[in-house]
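Worksheet: one structure, shown below.
The values are calculated or read from the model by the stated rules, or taken from the named source; none is laboratory data. Being a predicted model, the structure only gives us computed values, none of them experimental. Note that each Cβ is placed from the backbone with ideal geometry, even for glycine, and that neighbours are counted across all protein chains shown.
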Amino acid sequence: MRSHSDSRPDSQQLADLKSQTEELERKLADARLLLERELAQSAWGRPPAPARSPENGLWPLEEATAEPGGTGLWDPYPAAEPALGYGGAGQPDWPGPHEDQHDWAPVHEDRTEALVSRGRRSARYRRIPRGYKVGIAAAVVVALVTVAVGIYFNGRASWPSSVATVQAEADRACQNPDVVSEPGQVNFACAQATRQILWVFALLTSGNNPNFVDPKSGRRGLEPIAPAQGGEVAWSLNLHHPYDPANPLDSLQVAARAINNIIGGATVTGADGSPDVQPGLEGSPANCMRYTGSAAVTTRKGFPGLCAKPVTSAAGQAALVADVYQKWVVGAPPKAAQDAAVLFANADNPGDAQVQAILQHLRRAQPLT
């Protein structure tokens, strides 16, 4: 079975994050340019400073007059006098204000052009509403913060140091060939692609502490299994010494065999000597539908039923892990089982937001039992 966690190299993840950051920077530059244009355009509507005259330092304000049938343009100079162009010698840079005028043309523009581009209300540049500008800024800030958080988590986040220890111990424990279920030979717990189920369960139920003791259930060790059950499973593993729940290798081997039996079922010899077939999670058509997308179950005499298709999809493996957790940790709340599935699915992605939330919870509380 294959793992469905994110297997992209770190360099590819960093390249993706860099690309996203560059895209957001481009959008931020566009937003700034749009804002600068709006601010520059708004400058046209500012009242001009009074022009100066030779006598009193100011040009007098004159009422605009419109000739019948004329253009309607305001002209501060009488018709009898020659009109000079804006900005001429001795002339003010701007015409005087008028109650019907609502914008101004710069000195170098033709008056007709000014009317076309800024003189009529319908042609005025519509300013961007302040709320819209605030929304753009807020969206950019949120996007940049999201990228920063992603870079932080993916670049710095990691599993607790104890995870690496348990991973190494699980690799050694899984060298025991007897951890597979009997007789179905299911080996989900120690398959290379799904082996993380061992340290995920240990992290949730004991904080990866081999000396953990649950005062309520009496269980000891890394994995959620009672000593009596562990001793019974250890017998089938052909361990060379009595089962010791405080020994990480013993605990993980027993856990691997128990997980495989929960999934694949087991066949034991009954009191009368006849085989007693005990079905596992894959013996149910409904479960197989959830795990594989097919309800087909393969059955053989004396063997527990198994899903006809292998459990390889991301969703199927996550559902299977959650079900195993609830079977093993009797009375476990659905939230704890879902946490197990999330950690399993993100074994290579400790920066995932859900993973970080679960780890924060574990730091504040006792292990999930």
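Taking the condition acidic (Asp, Glu) and out of contact with any Ser or Thr (no Cβ under 7 Å at 6 or more places or on another chain), does Asp348 pass?
no
Might you check whether a residue that is closer than 20 Å to Gly230 by Cα, part of a strand (DSSP E or B) and touching a Pro at 6+ places or on another chain (Cβ under 7 Å) occurs anywhere in segment 286-300?
For segment 286-300, residues closer than 20 Å to Gly230 by Cα, part of a strand (DSSP E or B) and touching a Pro at 6+ places or on another chain (Cβ under 7 Å): absent.
Being over 21 Å from Val166 (Cα atoms), assigned to a helix (DSSP H, G or I) and touching a helix residue (DSSP H, G or I) at 6+ places or on another chain (Cβ under 6 Å) is the filter here, so list the residues in segment 323-337 that pass it.
Asp323, Gln326, Lys327
From the list Thr299, Thr292, which one is among the hydroxyl-bearing types (Ser, Thr, Tyr), at pLDDT 95 or above and assigned by TED's automatic domain parsing to the domain that holds Gln229?
Result of the check over Thr299, Thr292: Thr292.
Determine which member of the set Trp159, Trp199 is in contact with a Pro (Cβ under 8 Å, 6 or more places away or on another chain) and of a type outside the set (Val, Ile, Thr).
Residue meeting the stated conditions: Trp159.
Just a yes or no: is a residue in segment 209-232 crowded, with 24+ Cβ neighbours inside 10 Å and at positive phi?
yes
In segment 264-288, which residues are crowded, with 24+ Cβ neighbours inside 10 Å and under 19 Å from Ala234 (Cβ atoms)?
Within segment 264-288, Gly264 is the sole residue that qualifies.
Given Leu359, Leu343, Leu320, which one is in a helix (DSSP H, G or I), in contact with a Pro (Cβ under 8 Å, 6 or more places away or on another chain), in the same structural domain as Gln229 (by TED's automatic domain parsing) and surrounded by 13 or more Cβ atoms within 10 Å (Cβ to Cβ)?
Exactly one residue qualifies, and that residue is Leu359.
Yes/no per residue for (1) closer than 19 Å to Pro224 by Cβ; (2) assigned by TED's automatic domain parsing to the domain that holds Thr165; (3) within 37 Å of the chain's Cα centre (by Cα); (4) in a loop (DSSP other than H, G, I, E, B):
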{"position": "Leu252", "(1), (2), (3), (4)": "yes, yes, yes, no"}
{"position": "Arg257", "(1), (2), (3), (4)": "yes, yes, yes, no"}
{"position": "Asn261", "(1), (2), (3), (4)": "yes, yes, yes, no"}
{"position": "Ala271", "(1), (2), (3), (4)": "no, yes, no, yes"}
{"position": "Lys309", "(1), (2), (3), (4)": "no, yes, yes, yes"}
{"position": "Thr312", "(1), (2), (3), (4)": "no, yes, yes, yes"}
{"position": "Gly316", "(1), (2), (3), (4)": "no, yes, yes, no"}
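Please work out if Ile259 is among the β-branched types (Val, Ile, Thr), closer than 15 Å to Ala170 by Cα and at pLDDT 85 or above.
Considered against the rule, which asks whether it is among the β-branched types (Val, Ile, Thr), closer than 15 Å to Ala170 by Cα and at pLDDT 85 or above, Ile259 comes out as yes.
Among the numbered criteria (1) in contact with a strand residue (DSSP E or B) (Cβ under 8 Å, 6 or more places away or on another chain); (2) exposed (fewer than 14 other Cβ atoms within 10 Å of the Cβ); (3) within 23 Å of Ile197 (Cβ to Cβ), which single criterion is violated by Pro304?
Checking Pro304 against (1) in contact with a strand residue (DSSP E or B) (Cβ under 8 Å, 6 or more places away or on another chain); (2) exposed (fewer than 14 other Cβ atoms within 10 Å of the Cβ); (3) within 23 Å of Ile197 (Cβ to Cβ), the one that fails is (2).
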